[in-house]
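Visitor: Sharing a structure with you now.
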Amino acid sequence: MANSGIKIFAPACISMHYMGLKDLSVALDNPGNEIIAHIDDKNISAKIELYSNEKNDLHKTKEIVIDITNDFLKYIDSHKGVRFEILNRIPFDAGLGQIEAAITGSIVAINDVLKSHLEKEEIFDFIIKKIPEYDIEISPSIIAANLFGGIILYNKNTTNPIQKIYSPQGINFTILLMKRDTNPHLLEKIDSRSLYNQSSDIALLIKGFMISDLDLIADALRNNEFESIITKNDQLYNDIKTISLNNGAYSTGFTHLGESIVIFNSNTLIHEINSMEIEKYLTSKKLNFKIVNSQINLNGMYKY
């Protein structure tokens, strides 16, 4: 029993916060954190034995994972502990839900390895109720996207707050990881006209997802009223946007509040051509970057 264990893949997610819609998130099939969990018969607590890239953990996620997993062990009235290895393959501070993946993946791993048989909805409720006890901000829609996969619209004021929106085929993502400065207060002082126009774009985006209209999705993403605020004096982003649109990409955007640049591609051929041109451009600028390619993860985290 001491060697019983599982391995969980916890996906990265894109939040549409940069569009002013923090409650819509998309689960990705790449990258993702890997959580390995083993039953510990000698203790009744959670212990992290390996935690990769800890030097980049500026938000002390490791300590929060330990605390919340110990709370979860108490919640399920476990008489056994769990030993973890967390391989952080989602970059820290890239706006891709690294914190949410580590927390949710660890709790799902406990639920599975100890055979607690809690439904995903109960795990979601536990995390959302517990998080306010810690000094950290998370996105409920990213937690839900981690658990259920696909495109998640979250509204806490409805009877069924988690709505999984149909994921149209044909969309893939190019994510440009590089050091970008962000201002969490950028979107706080938006004029009323921009807010009104943006609400229309958000409605179009959600409708486009629901009816699988890729052109509607592209129009909504391209008409982002907040983009100019985030990209003010950002020549690099504007150059990447020009290259991408000229190559037939649907649109360009950001993760969360601008930490990483995301290109929405209509097919893999466009993605391949565009990625080569962007790589050539960024290399000419002598910038440090990494290109990650991904699609929508329809099923959320899984064990393997």
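A quick yes/no check of all residues on (1) within 24 Å of ASP135 (Cα to Cα); (2) among the polar types (S, T, N, Q):
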position: ALA10; (1), (2): yes, no
position: SER15; (1), (2): yes, yes
position: ALA27; (1), (2): no, no
position: ASN30; (1), (2): no, yes
position: ILE44; (1), (2): no, no
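Visitor: Kindly list the number of the only condition in (1) farther than 15 Å from THR182 by Cβ; (2) more than 21 Å from the chain's Cα centre (by Cα) that fails for PHE264.
Guide: Here PHE264 meets the rest and fails (2).
Visitor: Follow-up question, since we're still on this one. What residue, among those in region 241-266 that are of a type in the set (A, V, I, L, M, F, W, C) and over 25 Å from GLN98 (Cα atoms), is surrounded by the most Cβ atoms within 10 Å (Cβ to Cβ)?
Guide: Within region 241-266, the subset of a type in the set (A, V, I, L, M, F, W, C) is 243, 245, 249, 254, 257, 261-264.
Cutting the leftovers down to over 25 Å from GLN98 (Cα atoms) gives us 243, 245, 249.
On the way: ILE243: 17, LEU245: 16, ALA249: 23.
The extreme case among them is ALA249.
Visitor: Let me ask something else about it. Restrict the check to region 145-162 and report whether at least one residue is part of a loop (DSSP other than H, G, I, E, B), farther than 28 Å from ILE48 by Cβ and of a type in the set (Val, Ile, Thr).
Guide: Yes.
Visitor: When both residues are 6+ apart or on different chains and their Cβ atoms are under 6 Å apart, which pairs have a first residue that lies in region 4-31 and is free of Cβ contacts under 8 Å to residues at least 24 places away in the same chain, and a second that is buried (at least 18 other Cβ atoms within 10 Å of the Cβ) and of a type in the set (S, T, N, Q)?
Guide: none
Visitor: Yes or no: LEU187 surrounded by 17 or more Cβ atoms within 10 Å (Cβ to Cβ), more than 26 Å from ILE240 (Cα to Cα) and touching a Phe, Trp or Tyr at 6+ places or on another chain (Cβ under 7 Å)? Explain how you work it out, then say what you get.
Guide: Details: surrounded by 17 or more Cβ atoms within 10 Å (Cβ to Cβ): yes; more than 26 Å from ILE240 (Cα to Cα): no; touching a Phe, Trp or Tyr at 6+ places or on another chain (Cβ under 7 Å): yes.
For LEU187, the condition - surrounded by 17 or more Cβ atoms within 10 Å (Cβ to Cβ), more than 26 Å from ILE240 (Cα to Cα) and touching a Phe, Trp or Tyr at 6+ places or on another chain (Cβ under 7 Å) - is not met.
Visitor: Turning to a different aspect of this structure: Sort out which residues of region 270-304 are in contact with a Gly (Cβ under 9 Å, 6 or more places away or on another chain) and over 29 Å from ALA102 (Cβ atoms), and write them in order of number.
Guide: Those that are in contact with a Gly (Cβ under 9 Å, 6 or more places away or on another chain) and over 29 Å from ALA102 (Cβ atoms): ILE270, ILE273, ASN274.
Visitor: Could you please give the count of residues in region 1-23 that are among the basic types (Lys, Arg) and not in a loop (DSSP other than H, G, I, E, B)?
Guide: Total satisfying the criteria: 1.
Visitor: Moving on to the next point. Does THR104 qualify as being within 22 Å of GLN163 (Cα to Cα) and at pLDDT 95 or above?
Guide: yes
Visitor: Follow-up. If I ask for residues that are free of Cβ contacts under 8 Å to residues at least 12 places away in the same chain and either on the phi > 0 side of the Ramachandran plot or assigned to a strand (DSSP E or B) (or both), which ones from region 251-300 would you list?
Guide: LYS286
Visitor: Can you tell me which residue is farthest from the chain's Cα centre (by Cα) among those in region 72-98 that are among the aliphatic types (A, V, I, L, M) and surrounded by 24 or more Cβ atoms within 10 Å (Cβ to Cβ)?
Guide: Among those residues, the one meeting the criterion is VAL82.
Visitor: Here's a follow-up. I'd like to verify a number: residues in region 199-230 that are more than 22 Å from LYS164 (Cβ to Cβ), surrounded by 20 or more Cβ atoms within 10 Å (Cβ to Cβ) and either at pLDDT 85 or above or polar (S, T, N, Q) (or both), how many?
Guide: 1
The values are calculated or read from the model by the stated rules, or taken from the named source; none is laboratory data. Worth saying up front: this structure is predicted, and the values here are computed from it rather than measured. With ideal geometry, Cβ positions are generated from the backbone for all residues, glycine too; neighbour counts draw on all protein chains shown.
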